[in-house]
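Notes for the one structure printed next.
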Amino acid sequence: MNRRLAAGVALLAVVAGVAPATAAQAAPAQVPATAAEAAQISKSGLPEPDLEGLLQALQNTAAQGAPGALARIGGVDGVQSRTVGVRDTTTGAAMDTRARFRIGSVTKTFSSVVLLQLVDEKKIDLDTSVNHYLPGLLPDDRITVRHLLTHRSGLADYTNAMFEQTVPGFEAVRNKQFSYQDLVTLSLSEPRTTEPGVSYKYSNANFVVVGMLIEKATGRPVAKEYERRIIKPLKLKDTSYVHPRTEIKGLHTRGYLTPDEAGAPLVDSTEQTASWAQSAGAMISNPADLGTFMSALMAGKLLSPRSLDAMLTVTPTDTTNTRFYGLGLRRYDLSCGTSVYGHTGTVQGFYTYAFATRDGKRSLTAMANTSNRGVANTALGGTLEAAFCGKKPVKATARGFSSAQNDSSGPARSAVTSAPAEVDLPERNAR
Ligand code: REY
């Protein structure tokens, strides 16, 4: 049966209400049930984005304390974006979708792509011991390169202790320059969290070691490798890795960290070395560049089919069975049945979501210029449903959001249990 015929049969089956499970599974994209719905399906095969819903999600984010927020949808259906609030609370400059910001752990996807290109070039093997490449670095020869990329090494996340007290923790490292070895030493000073390979436990230490592997295998700093392998080929003119420099050059959004103490003023955290994160989280980019990057990755423009397959091979990160992790890449299964791939980011002053569909035909970048405010991050996650499913997020309500606290790591869990299903989990909870 050719594809058009198959789609036609599936359509009839759906209209007749007798779609067998296999027809539903085999359908390449959503099959419209009615002529009215068919008119809503765009070139990407996805429902038209719900732009009112997108804006509502951003307004919810602002209502939860973000000075500003943005969402930009890109891909074959064209570009659509929405903003709320300000990118600078001093000047009052409006949020701007062209502006640069710190992308936090979306950096991990860049690092993973560089490392997997080195796998394609046979310079690194995913199932070889890390210590084979970096002799004596780790206390356990069983930890492989794949364990790092899947967060299954058991290396403790040193950032939990570092940022236990949010503002003092940040100010202590704002201008500091760590070596990779310093960060590995910090991680190894804590007990390991799991036997190698046994379970998923998100840790920045993994991607610090990935940076070390990249530098060892290439003989060049990671900045050069991001540049020549991703930034230049994709012409990402607003993307950079400037560590240990502290400035975000050009048009940019300022970032505002929420202190732990209720009512304390936001702390402008724009300028920092991000040395505590490096190859785990120190890149700067903007919405268009992140859309280009995620779409190109998913469309197979950066990796061999084999490495992309490896990257997309996921395991669950929680018990919802909607959140998964591959190699430096998340998969979120949305309520409409669409899976999207990408990463989230949290760096002081900035929350980011950068995702694309499996075929790369639609991307979403969303950003809010605050952090340590899990409820704002949760609200920002509502942009995913609006962008890919065409559904509205639920409005912020006292029941849905107000029970959660500032810190995105712990108490915000209460937001998960009380928040409506369409609202995304806070990033740190979903780690
Ligand atoms: C570090 C703390 C978050 C952020 C982190 N980010 O691991 C990586 C990521 C790069 O996954 C900070 N939280 C905040 C605290 C909590 O200080 N006490 O929210 O800005 O993106």
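Read-outs: derived from the displayed coordinates by stated rules, not from any lab. Fair warning: this is a prediction, and the values are worked out from it, not measured in the lab. Methodologically, a virtual Cβ is constructed for each residue, glycine included, from the backbone with ideal geometry; neighbour enumeration extends over all protein chains shown.
Annotations for the structure displayed:
- By the rule of a C-alpha distance below 14 Å, with chain neighbours fewer than 8 residues away ignored, the aspartates and glutamates paired with Lys43 are Asp77, Asp359.
- The range 202-358 - percent relative contact order, Cα under 8 Å, separation 6 or more: 19 percent
- The length gained on full extension between Thr91 and Glu271, counted as 0.36 nm times the residue separation minus their Cα-Cα distance, comes to 63.1 nm.
- Label-to-label distance for Gln80 and Glu171 is 4.5 nm, based on points extended 7 Å past Cα in the beta-carbon direction.
- Taking Lys and Arg as +1 and Asp and Glu as -1, the other residues whose beta-carbon sits under 11 Å from that of Asp238 total +4.
- Proximal charge balance of Gly75 [Cβ under 15 Å; K/R count +1, D/E count -1]: +2
- Alpha-carbon radius of gyration plus Dmax, which is the widest Cα pair, for the range 156-306 in Å: 17.1, 51
- For the range 83-159, alpha-carbon Rg and Dmax in angstrom: 19.0, 53
- Multiplying the residue separation of Ser199 and Ser179 by 0.36 nm and removing their Cα-Cα distance gives an extension gain of 4.4 nm.
- Simple spin-label estimate for Glu190 and Asn160 in nanometres, 7 Å along Cα-Cβ: 0.5 nm
- Given charges at beta-carbon only (K, R positive; D, E negative), |dipole| of the range 317-379 in Debye: 100 debye
- Here the extension length gained between Thr320 and Arg228 equals 29.3 nm, from 0.36 nm per residue of separation less the Cα-Cα distance.
- Once C-alpha pairs closer than 8 Å and six or more residues apart are averaged by separation and normalised to the residue number of the range 40-186, the relative contact order reads 10 percent.
- Relative contact order [Cα under 8 Å, 6+ residues apart], the range 184-254, whole percent: 17 percent
- Separation between Cα centres of the range 278-331 and the range 221-244, rounded to whole Å: 17 Å
- Relative to the 2.2 N^0.38 Å rule of thumb, the range 306-387 has a C-alpha radius of gyration ratio of 1.09.
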